[in-house]
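The values are calculated or read from the model by the stated rules, or taken from the named source; none is laboratory data. Owing to the predicted nature of the structure, the values given are computational and were not obtained by experimental measurement. As a convention, Cβ positions derive from the backbone with ideal geometry for all residues, glycine included, and neighbour counts pool all protein chains shown. Heads up: the accessible areas ignore ligands, DNA and RNA and are worked out on the full protein's heavy atoms, side chains in. Shrake-Rupley method; radii C 1.70, N 1.55, O 1.52, S 1.80 Å.
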Amino acid sequence: DRRRAFRLRRAGRRSLRPLSDLSLELENRAATSFDPLDPHPVVSEMRPVVRAMNGLFARTRQAFDTQRMFVADAAHELRSPLAALKVQVQMLGRAHDDAQRGVALARLESGIDRASHLVEQLLLLARNESGGEEALSTVSLLDTARLALSDTAELAQVRGVDAGLEDAEDCTVLAPPSGLRILVRNLVDNALRYTPAGGRVDVRVHFEMQAASAVPAAPQRVAVLEVNDSGPGIPPEDRERVFDRFYRRENAPAGGSGLGLAIVRSVAERCGARVELGTADL
């Protein structure tokens with residue numbers, strides 16, 4: 001009996017050794033190491049756990065790489081406006097009279113506005129892509145569109161653009177309320193910046209019947225937000241690139257950050273929405 005108990009203890013230690021090895025490997029693993037674990041040495045009952053851990057490592061690697069790329073991009077993009085602000089401060093200090101000081105001060109204020117806008121957009125993108133868990137709730141798309149127009153009313157006035165609601169149906173959607181407001185505001189802001197003085201920006205909220213992917217014969221009623229403007233439009237070959245971070249087309253108006261539409265797509269993906277670019281008849 002004593003011999004049998006000894007053999008059982010020794011067999012138990014042998015069967016638990018893969019778990020001990022796994023525990024030791026995890027304890028000694030570097031914080032930035034996301035390589036998958038080998039599930040075969042452990043007992044079969046533990047293999048689903050190891051596979052789940054490997055899935056977690058893969059998602060963590062993706063989040064880490066995204067954040068690292070974001071920090072590098074942000075540092076690169078912030079250099080230009082900060083360098084410009086330094087030059088504008090120097091010009092203000094060298095001004096010889098009130099007229100020169102007024103011009104230098106106006107340029108400095110414009111530079112500060114641009115840098116502030118860039119930082120705000122960077123923070124919004126970082127918050128959304130880091131998985132900032134704003135709960136999804138039922139939101140009025142019409143009310144959100146009204147808020148976006150209110151948020152951008154000053155820009156519309158400054159640019160001399162007529163912006164307003166058209167075809168306003170009271171649609172509700174499941175979305176993060178703040179994220180949806182940012183999405184719509186960025187769309188309207190982008191349209192205003194590219195529309196020449198005297199132009200129009202029309203925001204439309206309505207329902208459309210669209211074919212369901214699972215059951216083509218049964219169309220679905222979906223909420224649609226349209227932002228149409230009388231600006232020059234985006235060539236078809238550029239319509240995918242404008243969603244890239246920091247991408248700015250040639251002759252883009254001053255004051256933009258190159259992040260507005262990247263944020264729009266990021267929020268839309270979280271909401272399960274689809275963003276499409278086309279042509280407007282205004």
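Only the Cβ atoms of Lys and Arg (+1) and of Asp and Glu (-1) were treated as charged; on that basis the dipole of segment 141-185 about its Cα centre amounts to roughly 260 debye. Between the amide H of Val201 and those of Asp162, Ala163, Gly164, distances stay under 5 Å, these residues lying 5 or more places away or on another chain, with hydrogens modeled in the peptide plane. Distant-in-sequence amide contacts of Ala168, defined by a placed amide H-H separation under 5 Å and a gap of 5 or more residues or a different chain, comprise Val205.
Of the heavy-atom accessible surface of segment 143-192 (probe 1.4 angstrom), what whole percent is carbon and sulfur? Walk me through the numbers on the way to the answer.
On the way: 1080 of 2420 Å².
Roughly 44 percent of what the probe reaches on segment 143-192 is carbon or sulfur.
Projected label points at Asp38 and Asp167, each 7 Å from Cα along the beta carbon direction, are separated by 6.1 nanometres. For segment 157-209, the solvent-accessible area of protein heavy atoms averages 47 Å² per residue (probe radius 1.4 Å; ligands and nucleic acids excluded).
Could you order the peptides 139-152, 100-113 from most to least packed, using the average number of other C-beta atoms within 10 Å per residue? Write out the running numbers ahead of the final one.
Working: 139-152: 18.9, 100-113: 14.2.
Descending mean neighbour count gives 139-152, 100-113.
Between Glu154 and Arg101, the modelled labels are 2.5 nm apart [label points 7 Å from Cα along Cα→Cβ].
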